[in-house]
Amino acid sequence: MKFTPLILGASLVASMVACPGQDAAMKDLKSKLKARQEAPGPNDSDEMVGDLATIGGVTTVGKAVQDILTGAADPYTDEPWKGSLPAKTSALCARDTCCIWKWIAKDMEAKFKGSAGRCNRFARAAVRLGFHDAGTWSKTTGFGGADGSLILANEGNRPENNGLQEISKVTLGWYNSYKKYGVGMADLIQMGANVATVVCPLGPRVRTFVGRKDSNVPNADNLLPSVFADAESLIKLFEDKTIKAHGLAALVGAHTTSQQHFVDPKRKFDPQDSTPGVWDVKFYGQTTGSAPKRVFKFPSDVALAAHPKIADEWADFAGAGGQEHWDEDYAKEYIRLSLLGVNNINNLTECTRVLPPAKKTFNQPDLTIFQQWLEGKYNSLGQQIEDGNLITSTLLKLLGLLSGRMFEGEGAEAEVVA
């Protein structure tokens, strides 16, 4: 339930008096309330997008998105799917726009989750696909954006989209299966990104909207960021997409789950933090500080972390309470990104309830072997890690990486908590 500032403020005071044992929780809520009452800073995204920039929010959904973008409403939610799921072909399913999307989300969840509980290469690619389809919009060009053209107009052949061919093929398969139910490619790409985010342990359930218009017209080229770009040019690039420096800092945190392939082919599969496949904030601290041997830091991330418009926010994400701060900022900025070039926001439908439940803790079941891989051992495990597979001594033997007695410490766990 969303509280108005006045009601929430009163309830905070009453609760703190009645339940002193909840002081910490109330303090956190009060802090969030205060932050939402404050005007955006100069480095916080504050522009409206799509038709919200011309006519404002004039429908329930339009007003909700407007509130999300201004920080007045939560950008993520635990709202569950309620009741049974009608058959795809039933009249009951046809009456609920979100029903068919629940079926799609189930297909996506099965594709995105590895046997170790980590999200896999399909999930990571789905997040990147969402970024790359929407990110080709800018205020300068004024066209394109989250319109499905990356697949429908075959933009996958562009060098900046290298590595997206496999997930594009998977997404096209879903499109061919579900388009008879009125499902569009633009929505399918953005739904995939949000399902993938929450399938990754600790990832937020980003509020999700459907009803975008598809396009088979190629978007403008050279509007996506390079990992070799300097911080100032990246900040300007994203400001032209209505995303200011702090928003950019939140969005690049998606590198927390990734493993690079093309920046340095000699180090293929090396991750950008020590927990690939987990949606945590270790990326922020390890980009600026020490990290295991195998962690590969993108030059652009290192540059952004040091920029005066970003350094404070980067440090906040890396510090105490950084997970919740980042989850909220990422969700808000991704909603903005996913609606770039969408000029019918007032007519969209919210279907957040179709997303899988958030996994707010994670027990890493193969910690000992995983840590040895991070320090440079078992080089051939890169693909298994990227696939989210459970790494056991049995698997190592099958891969010819271990012989003799069973690996000591197999099954050792470490809990990561949001």
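Dipole check for the chain: with +1 at the C-beta of Lys and Arg, -1 at the C-beta of Asp and Glu, and the Cα centre as origin, the magnitude is about 1020 Debye.
Of the chain, which part is the longest with no GluC sites (Glu not before Pro) in a loop (DSSP not H, G, I, E, B) and with at most 12 other C-beta atoms within 10 angstrom?
Maximal segment without exposed cleavage sites: 39-374.
Shape summary of the range 55-196, radius of gyration then Dmax from alpha carbon positions: 16.4, 47 Å. When the chain is described by a simple charge dipole with +1 on each Lys and Arg Cβ and -1 on each Asp and Glu Cβ, the residue from Gly83, Gln190, Val206 located farthest towards its positive end is Gly83. Distance between the pseudo-spin-label points of Lys236 and Ala315 (7 Å out from Cα toward the beta carbon): 2.7 nm.
What a 1.4 Å probe finds exposed on the chain is 54% carbon and sulfur by accessible area, rounded to a whole percent.
The simple spin-label model puts a point 7 Å past each Cα toward its Cβ; for Ser90 and Ala53 those points are separated by 4.3 nm.
Taking each of Lys169/Lys266; Lys113/Lys377; Lys113/Lys397; Lys82/Lys236 in turn, the alpha-carbon distance tops 32 angstrom for Lys82/Lys236. The Rg/Rh ratio of the range 136-269, with both radii computed over alpha carbons and Rh defined as the Kirkwood radius, is 0.95. Put +1 on the Cβ of every Lys and Arg and -1 on every Asp and Glu Cβ in the chain; which of Phe296, Gly253, Pro265 then has its Cα farthest towards the positive end of the dipole? Selected residue: Pro265. Computed over the chain with a Gaussian network model linking Cα atoms closer than 10 Å, the most mobile of Asp147, Asp96, Asp133 is Asp96. For the range 200-331, what class follows from the C-alpha gyration tensor (a ≥ b ≥ c being the square roots of its eigenvalues): rounded when a/c is under 1.5, otherwise prolate if a/b is larger than b/c, else oblate? Because its axes are fairly even, with a/c under 1.5, the range 200-331 counts as rounded. Per residue, the solvent-accessible area of the chain (1.4 Å probe, heavy atoms of protein chains only, all protein chains present) comes to 43 Å². When the listed pairs Lys293/Lys360; Lys88/Lys139; Lys244/Lys360 are checked against a 32 Å cut-off, the alpha-carbon distance exceeds it for Lys88/Lys139.
As a test of the formula, what do you get for the chain when each DSSP H run with n ≥ 4 contributes -39,500 (n - 2.57) and the sum is divided by the residue count, at 222 nm and rounded to the nearest 500 deg cm²/dmol? Result for the chain: -13000 deg cm²/dmol, rounded to the nearest 500. Once the C-beta distance of Lys397 and Lys360 is scaled by a Förster radius of 35 Å, the resulting FRET efficiency is 0.55 to the nearest 0.05. In the range 159-226, the C-alpha radius of gyration followed by the widest Cα-Cα span (Dmax) gives 13.5, 37 angstrom. In terms of Cα atoms, the Rg and Dmax of the chain work out to 21.4, 70 Å. For the range 137-196, the Stokes-Einstein estimate of translational diffusion at 37 °C and a viscosity of 0.692 mPa s comes to 267 µm²/s, using the Kirkwood hydrodynamic radius over alpha-carbon pairs.
The values are calculated or read from the model by the stated rules, or taken from the named source; none is laboratory data. Model, not experiment: these values are computed from the prediction. Ideal geometry is used to build each Cβ from the backbone, glycine not excepted, and the neighbour counts take in all protein chains shown. We work out accessible area using only protein heavy atoms, side chains counted, and drop any ligands, DNA or RNA first. Shrake-Rupley method; radii C 1.70, N 1.55, O 1.52, S 1.80 Å.
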